[in-house]
Amino acid sequence: MQKSSFAQIILKLLISGLAVFFTDWLLSGIDVTNFTNALLIAIVLAFLNTFLKPVLVLLTIPFTIFTLGLFLLAINAGIILLASKLIDGFFVDGFWWALFFSVILSITTSILEGLTKTKVKTY
């Protein structure tokens, strides 16, 4: 297991900020004013996903089971919409744009994090 350091946290936030900025460029229903706001969005989303999302997931277990997990996408979109209300300079034009933003952001972040991983030799 790898220790988490301050530099790794900063790198993860920078990657998330780049992913937010790229997703803004890709989707017309999303507006991020500048890269500083993209970093702020990454921080707020990290905070909301750490503290609010587990509570929402727990409270909506029956809906999640009934929809075979697809309700988790709605929770992600809701968190994106909440973040857009909290941050000036971040606009999301409705639920569907938030859903698309969430999916593309996840894919982009995964790809960028995969590119920054270093290979570790195991014997």
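The values are calculated or read from the model by the stated rules, or taken from the named source; none is laboratory data. Model, not experiment: these values are computed from the prediction. All Cβ positions, glycine included, derive from the backbone under ideal geometry; neighbour counts span all protein chains shown.
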Which listed residue is among the hydrophobic types (A, V, I, L, M, F, W, C), touching a Leu at 6+ places or on another chain (Cβ under 7 Å) and under 24 Å from Leu72 (Cβ atoms), from Leu52, Leu13, Leu26, Leu59: Leu13
Residue, surrounded by the fewest Cβ atoms within 10 Å (Cβ to Cβ), within region 15-26, restricted to residues that are over 12 Å from Gly89 (Cβ atoms) and not aromatic (Phe, Trp, Tyr): Leu26
Boolean, Ser84 is out of contact with any helix residue (DSSP H, G or I) (no Cβ under 6 Å at 6 or more places or on another chain), buried (at least 18 other Cβ atoms within 10 Å of the Cβ), modelled with pLDDT of 95 or more and of a type in the set (S, T, N, Q): yes
Cross-chain or 6+ apart pairs with Cβ under 7 Å, region 75-95 first and among the acidic types (Asp, Glu), then not in a strand (DSSP E or B): Asp93/Gly29
Those residues of region 32-79 which are closer than 17 Å to Ile9 by Cα and hydroxyl-bearing (Ser, Thr, Tyr), in sequence order: Thr36, Thr50
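Is it the case that Ala77 is in contact with a Gly (Cβ under 8 Å, 6 or more places away or on another chain) and part of a helix (DSSP H, G or I)? Before the answer, list the steps.
Working: in contact with a Gly (Cβ under 8 Å, 6 or more places away or on another chain): no; part of a helix (DSSP H, G or I): yes.
Judged against the criteria, Ala77 is not a match.
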Residues within region 87-102 that are buried (at least 18 other Cβ atoms within 10 Å of the Cβ) and assigned to a strand (DSSP E or B), tallied: 2
